[in-house]
1. Whether any residue in the range 18-25 is over 25 Å from the mean Cα position of the chain (by Cα) and more than 19 Å from residue 93 (Cα to Cα) is what I want to check.
2. Quick check on the range 134-155. Is at least one of its residues modelled with pLDDT of 95 or more, touching a His at 6+ places or on another chain (Cβ under 9 Å) and among the acidic types (Asp, Glu)?
3. Quick one: which residue in 42, 53 is in contact with an Asp or Glu (Cβ under 9 Å, 6 or more places away or on another chain), assigned to a helix (DSSP H, G or I) and over 30 Å from residue 208 (Cα atoms)?
4. What is the residue count in the range 199-231 for residues that are open to solvent by less than 50 Å² (accessible area, probe 1.4 Å) and either assigned to a loop (DSSP other than H, G, I, E, B) or among the charged types (D, E, K, R) (or both)?
5. Check every one of the strands (runs of 3 or more DSSP E) wholly within the range 232-344 and list those with 3 or more residues that are open to solvent by 30 Å² or more (accessible area, probe 1.4 Å) and modelled with pLDDT of 95 or more.
6. Identify the residue in the range 163-180 that is part of a helix (DSSP H, G or I) and open to solvent by 40 Å² or more (accessible area, probe 1.4 Å) and, among all such residues, is farthest from residue 286 (Cα to Cα).
7. Residue 128 versus (1) under 27 Å from residue 156 (Cα atoms); (2) over 19 Å from the mean Cα position of the chain (by Cα); (3) open to solvent by less than 50 Å² (accessible area, probe 1.4 Å): which is the lone unmet condition?
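The values are calculated or read from the model by the stated rules, or taken from the named source; none is laboratory data. As the structure is a prediction and not an experimental result, all values here were calculated from the model. Neighbour counts are summed over all protein chains in view; Cβ atoms, including those assigned to glycine, are modelled from backbone coordinates with ideal geometry. Ligands, DNA and RNA are excluded from the accessible area calculation, which covers all protein heavy atoms including side chains. Shrake-Rupley method; radii C 1.70, N 1.55, O 1.52, S 1.80 Å.
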Amino acid sequence: MKVGIVGGTGYTGVELLRLLVQHPEVELTAVTSRSEAGQRVDSLYPNLRGYLDLPFSEPSLDSLGQCDLVFFATPNGVAMKMARELVDKGVKIIDLAADFRLRDPLLWSEWYGDGEGHACPDVLEQAVYGLPEINRDAIAKAQIIANPGCYPTAVTLGYVPLLEAGLVDTAHLIADSKSGASGAGRQAKLGTLLCEAGESMKAYGVPGHRHLPEITQELTGIAGGPVKITFVPHLTPMIRGIHATCYSTLTTSGEDLQALYEKRYADEPFVDVMEPGAHPETRSVRGSNQCRIAIHQPQGGDVVVVLSVIDNLVKGAAGQAVHNMNIMSGFEETLGINQVALIP
């Protein structure tokens, strides 16, 4: 399958490249970057030496239109400007940014557009939210996929079984989430410099983070009714990883929550429900497409604490995108993304 990547110089772009050069059903035909056009990809990312000899090229509808599938690993607002023409050419699209995640174009404009409207609301209507654990059938038939955000992936997977079973108070959910610095991207920013972020941890986006409406949208759909969630992200002094601690209050008693989670995710290749009392660590998923989950009821009370960890660049971005590609293309779901996590 001929595959292109638009925006191959960022952290999610190189993670896509790392996974795709080892995928047996993929031929990479275009990797674009306006700033690095003409430079060999492996000169910027030497980990790809011996695996990829392509140069970066300028984004072009002529070259991308010859692909079977195109990934957009670009800033918000880029994919939507090329999506309609690629869709008309029959090219499948997986966008790793937020252009197609929010189904309401006015909501997108409020959180991502700085007042500007969505460039292709007609294409937005066709997009499928690419969380395989809840949308597998729709993904298989889709031409355009909105790859979920990293925080929403960890938080949503943490809540799915409880909300599907209707066991918790949906008006008072809390997600306390931590991310490594790579989540901020490769662009130089003062707040993610080593001397600024090292040996420190801070919350940010407390009044309202861009991932909040995405999380609310998906949890509302799963619950089948209104959901209110307090979402607080934090920057932690590590490169990769997300740890989401998800709190909720039970509205019933006597449920075996461990069994509930094990049954719900029994057939999911990339969700690992750990043994009772476990505390999953971000290092246990580094470099892998796994989400590890553990369920707790402190002191046997009515508060449920779900711990959910992922690698923000893999399950939270590139790995999930390849998982979506596999489903869209009829490949084995784990093909090319079944790597064991890196420890240490």
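1. No, the range 18-25 contains no residue that is over 25 Å from the mean Cα position of the chain (by Cα) and more than 19 Å from residue 93 (Cα to Cα).
2. No, because not a single residue in the range 134-155 is modelled with pLDDT of 95 or more, touching a His at 6+ places or on another chain (Cβ under 9 Å) and among the acidic types (Asp, Glu).
3. Details: 53 fails: assigned to a helix (DSSP H, G or I).
The conditions single out 42.
4. So the count comes out to 7.
5. In the range 232-344, 242-249 are the strands (runs of 3 or more DSSP E) which contain 3 or more residues that are open to solvent by 30 Å² or more (accessible area, probe 1.4 Å) and modelled with pLDDT of 95 or more.
6. The residue in question is 165.
7. So residue 128 meets the others, but not (2).
Every residue, every condition in (1) part of a helix (DSSP H, G or I); (2) crowded, with 22+ Cβ neighbours inside 10 Å; (3) in contact (Cβ under 8 Å) with a residue 24 or more places away in the chain, yes or no:
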site	(1), (2), (3)
66	no, no, yes
70	no, yes, yes
74	no, yes, yes
77	no, no, yes
86	yes, yes, yes
94	no, yes, yes
101	no, yes, yes
117	no, no, no
